[in-house]
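A.B. asks: The structure under discussion is supplied below as structure tokens; questions concerning it will follow.
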Amino acid sequence: MPAAALLSADVRELLSDARRRTLALVESVSDEDLNRVHDPLMSPLVWDLGHIAAFEDLWLAQRTGALAPLRPELADVYDAAETPRAERGEVPYLRRAEALEYMEETRARSLEVLDQVARVGPVWEMVVQHEHQHNETMLQTLQLAERGVYSPERHPLPGGEGAAGGTVRIDAGPFPLGEPNAEFAYDNERPQHMVHVPAFEIDRTPVTNGAYREFVEEGGYRRSDLWTDEGWAWREENAIERPLYWTGDGRLRSFDREEPLDPDLPVMHVSWYEADAYARWRGARLPTEAEWEKAASWDDAAGEKRRLPWGDEPPDESLANVDQLGFGPAPAGAYPDGASPYGVLGMTGDCWEWTASDFGGYPGFRAWPYREYSEVFFGGSYKVLRGGSWATRPSVARATFRNWDLPQRRQLFAGFRCAVDVPRETSVRIEVFDVRDTLAEDVRAGLTGELKQLPPKYFYDERGSELFDRITTLPEYYPTRAEREILNRRAPEIVRDSRAAELVELGSGSASKTRALLYAMAGEGTLRRYVPLDVSQATVESCAAELIELYPGLEVHGVVGDFGRDLARVPDGRRRLFAFLGGTIGNLFPDERAGFLARLRRLMLPDDRLLIGTDLVKDRTVLEAAYNDSQGVTAEFNRNVLRVVNDGLGANFEPQAFEHVAFFDEANSWIEMRLRANGAQEVRIEGADLELTFQDGEEIRTEISAKFTRDAVQSELAGAGLHLDDFFTDENGLFGLAVARHARS
Ligand code: SAH
Ligand code: TRP
């Protein structure tokens, strides 16, 4: 993990500064209180002392200096992962005098190692930060202890009422989340990666005691509708009525003091559940980590990210309340000079802030220097907190720092602020390209060849699209149901893995199955735009109108065009999911498929993903029934192509004089749809300048519908430079959904 190299003199000073503080914190605590378990959540303070030394010995003397452990018999006692906090009262840890001696001896060895190392690596800073972080934990223990155990001497903090509250609007845009490799940071802050943050509003200051008291007084703790199920169960089981340290009579305890609740201080010692319920009561929500970090550190004008809200300089008393010695928060908004570029206040110091986000690894996460620091907590129910509190030492307070704890915890010096979505302007734009301009040509070419045929895109005028929608509900036509089953089940993971912001759908039709994808994208908060492309203008229009109702803020950019010709009309975009559903790819001949996939591949960027729905080879009777329904809807649909030619070219086909035929051609692995002349026919096609005769029984091929295997799909994709990532099928194995990407990415 690269970091700016420190000088060994700096490290010496950092280490002794950390130690001075640790010793100062416990100086006034009696031996008895040092040894006692004040709360089952916390270790005895004297355990923290030995642990600080054991951690230092492990990483500096042993791992860096290759020395043997100073006190090997203590390794287990001080291993945080080995001994849960609740049991630390019983383990044979060192008492004050021995612990202090152990700390001193360890430190002496560390400094010897420091004199010998060629380069001061980041592990030295980690050890310093570890001690700083334990200082905050020790303060949590001291605050949990009974009144009187600890009577700190408080440095003065700014008073006053703080700044006006209200919210700050943060426009949508990309943001680099996490720490670049410039400074010391933990593994969980890396790697830095771009995220798109939709527009939102965030509270200018943390929620205050005064604001929170209204929630309490208006019955927030009695309204289960405001709480998550888990949160409500927790509240009931523990009879939670107000923040920890609030007394029933409107006072607030802080260490040795109990004073009337100051309405201007940030509310603290609330669980994530309480913060979340408050936000809902206010018609808001907690900010995500990305929102929080952007509001704290992004300088939009400069296009740069700051290490701290005010800049890159470390905090001082004019910028933020950190470094412990105030022993409590300042009024919300008390540090106007510490504002972020967006003007958001109090994002460093005073109180940690709960976010909506679960603790997890960033994409490309690598554990350093050991899995137990963060990785073992990923994927649990831990929630992320940001910002640092008054009890945080400045080295830890950086905009990218991620703290985490369980949603029920209240011992942390934590409060929160709220965010709300900014409703985005819905926009619909539909570009129309003429898809009938080659009708005459196509008809002439198709009907004058040896086997008469018509291109299937001409099924789909308004009536054709309606008939197709009826086909999708027929009992015999299983593909739509099977594909819907797959999409409903898999959309969340497909969307999560692709982090798609945009859905481009080819041959979108009524986009009914597509809703699962849009729903999942909206749920992930990534949904920006939907780009339906279809030959049927009526379909594109009605689908756009429906979707903007369902997804306020959705941008729809429809393209009325031919996917065989107009792919280049698809607007540029990032993180796109291309979808080609319904088995429509099977309506192309093999050589057309190869060309189509290759063109699609050229359109895709490495982050884009492609979903292709393919009907699978199966029993002939099942296949043929799907294209020969008992109600005759498919037949009517098939004949519709003749009506389209009549309308478009002034022809005089008599649709009812043609019979629907569909059969499985096993050698080609496709269903073939034909129209068979019932009796000899004379047809005149004005617009194509064509006179045709049909013998009785003569056929026009109107469509093929190829049936695939997974291997066939994989090799066709590979032939176009696409890599098959996944191939999902429905329970009955009728239909397949391929997920693909650039073969080289
Ligand atoms: N995707 C939908 C509809 C499938 S039917 C579903 O899975 O249910 C095929 C769709 O592709 C129809 O909406 C039709 O209008 C459209 N279509 C057919 N040929 C096309 C072409 N050449 N270019 C663009 N759209 C086409
Ligand atoms: N893409 C659909 C499919 O291949 C189109 C379709 C369904 C179709 N039923 C039809 C085309 C009947 C012509 C006739 O399954």
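The values are calculated or read from the model by the stated rules, or taken from the named source; none is laboratory data. Computed from a prediction, not measured in an experiment: that's the story for all the values here. Cβ: placed from backbone, ideal geometry, glycine included. Neighbour counts: every protein chain shown. Note: areas computed on protein heavy atoms with side chains; ligands, DNA, RNA excluded. Shrake-Rupley method; radii C 1.70, N 1.55, O 1.52, S 1.80 Å.
A.B. asks: Name the pairs: first residue in the stretch 462-480 and closer than 8 Å to residue 626 by Cα, second residue in a helix (DSSP H, G or I), Cβ to Cβ under 7 Å, at least 6 apart or on different chains?
C.D. replies: 476/625; 476/626; 477/471; 477/626; 478/626
A.B. asks: A follow-up question, please. Among the listed residues 675, 642, 610, identify the single one that is open to solvent by less than 20 Å² (accessible area, probe 1.4 Å), touching a Lys or Arg at 6+ places or on another chain (Cβ under 9 Å) and more than 15 Å from ligand 1 (Cβ to nearest atom).
C.D. replies: The match here is 675.
A.B. asks: Picking from 149, 117, 207, which residue would you name as being surrounded by fewer than 19 Cβ atoms within 10 Å (Cβ to Cβ), modelled with pLDDT of 90 or more and not hydroxyl-bearing (Ser, Thr, Tyr)?
C.D. replies: Unique residue meeting the criteria: 117.
A.B. asks: Going through 357, 395 one at a time, which residue ends up being touching a residue at least 12 places away in the same chain (Cβ under 8 Å), assigned to a loop (DSSP other than H, G, I, E, B) and either touching a helix residue (DSSP H, G or I) at 6+ places or on another chain (Cβ under 9 Å) or crowded, with 23+ Cβ neighbours inside 10 Å (or both)?
C.D. replies: From the options 357, 395, the qualifying one is 395.
A.B. asks: Cβ-Cβ below 7 Å, separation at least six or inter-chain, first residue in the stretch 92-107 and among the charged types (D, E, K, R), second open to solvent by 70 Å² or more (accessible area, probe 1.4 Å): which pairs?
C.D. replies: If the second residue must be open to solvent by 70 Å² or more (accessible area, probe 1.4 Å), the pairs left are 96/31.
A.B. asks: When the stretch 525-540 is examined, which residues are found to be open to solvent by 20 Å² or more (accessible area, probe 1.4 Å) and either more than 11 Å from residue 462 (Cα to Cα) or under 24 Å from the mean Cα position of the chain (by Cα) (or both)?
C.D. replies: 525, 526, 528, 529
A.B. asks: Would you mind finding the one in 433, 468 that is over 23 Å from residue 700 (Cα atoms) and within 12 Å of ligand 1 (Cβ to nearest atom)?
C.D. replies: 433
A.B. asks: Separate question: Could you figure out which of (1) exposed (fewer than 14 other Cβ atoms within 10 Å of the Cβ); (2) more than 16 Å from ligand 2 (Cβ to nearest atom) isn't true of residue 653?
C.D. replies: Checking residue 653 against (1) exposed (fewer than 14 other Cβ atoms within 10 Å of the Cβ); (2) more than 16 Å from ligand 2 (Cβ to nearest atom), the one that fails is (1).
A.B. asks: Give 511, 520, 579, 544 a once-over and let me know the one that is more than 16 Å from ligand 1 (Cβ to nearest atom), open to solvent by less than 20 Å² (accessible area, probe 1.4 Å) and either of a type in the set (Gly, Ala, Ser) or under 22 Å from residue 436 (Cβ atoms) (or both).
C.D. replies: The match here is 520.
A.B. asks: Select, from 445, 440, the only residue that is in a helix (DSSP H, G or I), more than 13 Å from ligand 2 (Cβ to nearest atom), surrounded by fewer than 17 Cβ atoms within 10 Å (Cβ to Cβ) and modelled with pLDDT of 95 or more.
C.D. replies: Answer to the check: 445.
A.B. asks: Consider only pairs whose beta carbons are under 9 Å apart and that are at least six residues apart or on different chains; among these, list those whose first residue lies in the stretch 413-437 and is free of Cβ contacts under 8 Å to residues at least 40 places away in the same chain and whose second residue is surrounded by 12 or more Cβ atoms within 10 Å (Cβ to Cβ) and assigned to a strand (DSSP E or B).
C.D. replies: 434/560
A.B. asks: Can you pull out the residues in the stretch 258-271 that are farther than 22 Å from residue 345 by Cβ and touching a residue at least 24 places away in the same chain (Cβ under 8 Å)?
C.D. replies: Result: 258, 271.
A.B. asks: Let me ask something additional. When the stretch 451-465 is examined, which residues are found to be within 11 Å of ligand 1 (Cβ to nearest atom) and either charged (D, E, K, R) or open to solvent by 30 Å² or more (accessible area, probe 1.4 Å) (or both)?
C.D. replies: 455, 456, 457, 460, 461, 462
A.B. asks: From 41, 94, 70, 58, grab the single residue that is outside any loop (DSSP other than H, G, I, E, B) and either open to solvent by 40 Å² or more (accessible area, probe 1.4 Å) or under 29 Å from residue 148 (Cα atoms) (or both).
C.D. replies: 58
A.B. asks: Let me ask something additional. In the stretch 279-288, how many residues are crowded, with 24+ Cβ neighbours inside 10 Å and either in contact with a Gly (Cβ under 9 Å, 6 or more places away or on another chain) or not aliphatic (A, V, I, L, M) (or both)?
C.D. replies: So the answer is 1.
A.B. asks: Quick check: anything in the stretch 641-650 outside any helix (DSSP H, G or I) and of a type in the set (A, V, I, L, M, F, W, C)?
C.D. replies: The answer is no; no qualifying residue exists.
A.B. asks: Something else now. Only one residue in 610, 605 is away from ligand 2 (no atom under 16 Å from the Cβ), at pLDDT below 95 and aliphatic (A, V, I, L, M), so which one is that?
C.D. replies: Going through 610, 605 in turn, the sole match is 605.
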